Amino acid sequence: MSKHLTDFILHLADSTLILGQRNGEWCGHGPVLEQDIAITNITLDLIGQARSLYQYAAKLINEVSKLSESEVPPAEGFKAASEDTLAYLRTEREFKNFLLVEQPNSDWGQTILRQFLFSTWQYYLYQQLKEKGSDTTLAAIAEKSLKEISYHVRWSGEWVIRLGDGTAESKKRMAHAIQELWPYTGELFLPAPYEKVAEVDFDKLKPAWFKKVSDVFNEATLLVPQHVYMHTGGKTGTHTEHLGYMLAELQYMQRSFPGCEW
Amino acid sequence: MIKRETETGAEAKIWSALETIPDPEIPVLSIVDLGIVRKVSITENGEPAITITATYTGCPAMDMIAIEIRMKLAATGYKQVTLINAISPAWTTDWMSEEGKQKLKEYGIAPPNSKQQVCDQNLFAEADAVQCPQCNSYNTYRISEFGSTACKALYQCNNCKEPFDYFKCH
Ligand SMILES: [Zn+2]
């Protein structure tokens, strides 16, 4: 029961952290200064949300390990689980993020599209977590994050329309980005075993997401793909080759110097 | 703004000390003006417990603010201080004091409009007119929804042509 809850929280945290890390690669490379600032602001929000989630997961893990001695002790150099041990010392197989967020950056259009697909998912899921409120900490994190996510959905949605309904070149790139990323969206609505405990209502989540995405694609004169093969596995730890490289960079310092601070 | 009920002398002293701590990113405002300090209480053994809340989840100034509070209260005579980081209720610009809004404007940052006005989820929603802090004109436009920090958007005045930061509603 409790293991399922921590796994669910880690799934949310990992997805948010990994997308933050990917977006962070744009820092200093955005197409114009204002948009460089926008994507890095969004990155900051994502990492902030991930921190809240990791802190909550660490608290739950530490409560459980007090109860049972058999629980695996936190990594060497650390007295207890913390946001840092969870982000920096878990392996690729332990990460539960969507495959969507670990895909490498290509052009600005692809980054915008990924943000829009992800933020829209986040928006409707967090609405559920906030409204249900059976887990008050999760509901509080969801409520606080939703204020930020609303900006992200609006900003990225506007960009999808601008680029889709823009020049021939921008439209071609957006269509290409959709072709590239759509096969990773099936996983957003494929329940993992640990999601039962969170009572996520996928029957509501998927149509809400699909309607929002279709509306924006329509306005952007972009087509919604039909009958696409969907890649899955990220939520349960089977990742594409890209995650390992990301973690190697993300975790380097804590792996080399456990517990280091500056 | 926060209601401070039945405040003891020690609590009042701590509030006054906290009012002198500037926000690291908007130094014209104190952390009390911004609504970051939510509660001050004294524990049974006479130590202060301060509840603070972040404006945005990723606000990089929070660690700095925690250090500032500890240093200020140490100088006020409190060596042991408990800091509680509250997520709920979520911070909102409604908590900014009127005095704080005035100080912001004088500093050249447009203070947040009241809540109902700007938080529209529709795409390309026209944000309500934001007043230029320099010449008071409402003839302004948004350059970018994201500005120099998470809590600000970038605007320009059509009247006096000055670009300015707007502390966006949240
Ligand atoms: Zn002006």
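The values are calculated or read from the model by the stated rules, or taken from the named source; none is laboratory data. Here the structure is a predicted model, which means the values were calculated and not measured. So basically every Cβ, Gly included, is an ideal-geometry build from the backbone, and we count neighbours across all protein chains shown. Remember, those area values only see protein heavy atoms, side chains included, never the ligands or the DNA or RNA. Shrake-Rupley method; radii C 1.70, N 1.55, O 1.52, S 1.80 Å.
For the stretch A:11-42, a tally of residues being open to solvent by 10 Å² or more (accessible area, probe 1.4 Å) and within 11 Å of the chain's Cα centre (by Cα) returns 3.
Among the residues of the stretch B:65-114, just one is of a type in the set (D, E, K, R) and within 17 Å of residue A:147 (Cβ to Cβ), namely B:94. Residue pairs whose Cβ atoms lie under 6 Å apart, sitting 6 or more positions apart in sequence or on different chains, and linking a residue in the stretch A:10-30 that is without any contact (Cβ under 8 Å) to a residue 40 or more places away in the chain to a partner that is open to solvent by 30 Å² or more (accessible area, probe 1.4 Å) and among the hydroxyl-bearing types (Ser, Thr, Tyr), are A:27/A:40.
Among the residues of the stretch B:154-170, those identified as within 16 Å of the ligand (Cβ to nearest atom) and either within 19 Å of residue A:155 (Cα to Cα) or part of a strand (DSSP E or B) (or both) are B:154, B:155, B:156, B:157, B:163, B:164, B:165, B:166.
Evaluated against (1) more than 17 Å from residue B:15 (Cα to Cα); (2) open to solvent by less than 40 Å² (accessible area, probe 1.4 Å); (3) among the hydroxyl-bearing types (Ser, Thr, Tyr), residue B:97 falls short on exactly one condition, (1).
Looking only at the stretch A:215-250, residues that are more than 26 Å from residue A:192 (Cα to Cα), open to solvent by less than 30 Å² (accessible area, probe 1.4 Å) and in a loop (DSSP other than H, G, I, E, B) come to 2 in all.
For residue A:173, the stated conditions do not hold, so it cannot be described as surrounded by fewer than 22 Cβ atoms within 10 Å (Cβ to Cβ), within 12 Å of chain B (Cβ to nearest Cβ), under 17 Å from residue A:216 (Cβ atoms) and out of contact with any Phe, Trp or Tyr (no Cβ under 7 Å at 6 or more places or on another chain). Residue A:101 fulfils the conditions (1) at pLDDT below 95; (2) β-branched (Val, Ile, Thr); (3) open to solvent by less than 10 Å² (accessible area, probe 1.4 Å) except for a single criterion, (1). In this entry, residue B:84 passes the filter for residues that are touching a residue at least 12 places away in the same chain (Cβ under 8 Å) and surrounded by fewer than 16 Cβ atoms within 10 Å (Cβ to Cβ).
Residues that are within 13 Å of chain B (Cβ to nearest Cβ), at pLDDT 90 or above and either under 13 Å from the mean Cα position of the chain (by Cα) or under 30 Å from residue A:159 (Cβ atoms) (or both): does the stretch A:58-71 have at least one? Taking every residue of the stretch A:58-71 in turn, none turns out to be within 13 Å of chain B (Cβ to nearest Cβ), at pLDDT 90 or above and either under 13 Å from the mean Cα position of the chain (by Cα) or under 30 Å from residue A:159 (Cβ atoms) (or both). Could you please let me know if residue B:120 is away from the ligand (no atom under 16 Å from the Cβ), modelled with pLDDT under 90 and not in a loop (DSSP other than H, G, I, E, B)? Judged against the criteria, residue B:120 is not a match. Out of everything in the stretch A:137-169 that is of a type in the set (D, E, K, R) and at the interface with chain B (Cβ under 10 Å from one of its Cβ atoms), what residue ends up being most open to solvent (accessible area, probe 1.4 Å)? So the residue we want is A:162.
Does the stretch A:190-207 include one or more residues that are within 14 Å of chain B (Cβ to nearest Cβ), over 19 Å from the mean Cα position of the chain (by Cα), surrounded by fewer than 15 Cβ atoms within 10 Å (Cβ to Cβ) and not polar (S, T, N, Q)? There is no residue in the stretch A:190-207 that is within 14 Å of chain B (Cβ to nearest Cβ), over 19 Å from the mean Cα position of the chain (by Cα), surrounded by fewer than 15 Cβ atoms within 10 Å (Cβ to Cβ) and not polar (S, T, N, Q).
A single entry from A:177, A:87, A:140, A:80 fulfils the requirement of being free of Cβ contacts under 8 Å to residues at least 12 places away in the same chain and of a type in the set (A, V, I, L, M): A:140. For beta carbons closer than 9 Å, sequence separation of 6+ or different chains, a first residue in the stretch B:130-142 that is farther than 10 Å from residue B:158 by Cα and near the ligand (Cβ under 7 Å from one of its atoms) and a second that is open to solvent by less than 70 Å² (accessible area, probe 1.4 Å) and not in a loop (DSSP other than H, G, I, E, B), the qualifying pairs are B:134/B:157; B:134/B:164; B:135/B:157.
Of all positions in the stretch A:112-130, none carries a residue that is outside any helix (DSSP H, G or I), within 17 Å of residue A:16 (Cα to Cα) and modelled with pLDDT of 95 or more. Would you call residue B:65 more than 14 Å from every other protein chain (Cβ to nearest Cβ), assigned to a helix (DSSP H, G or I) and at negative phi? Against the criterion (more than 14 Å from every other protein chain (Cβ to nearest Cβ), assigned to a helix (DSSP H, G or I) and at negative phi), residue B:65 qualifies. The residues listed here are A:199, A:195, A:148; of these, the one that is on the phi > 0 side of the Ramachandran plot and at pLDDT below 95 is A:199.
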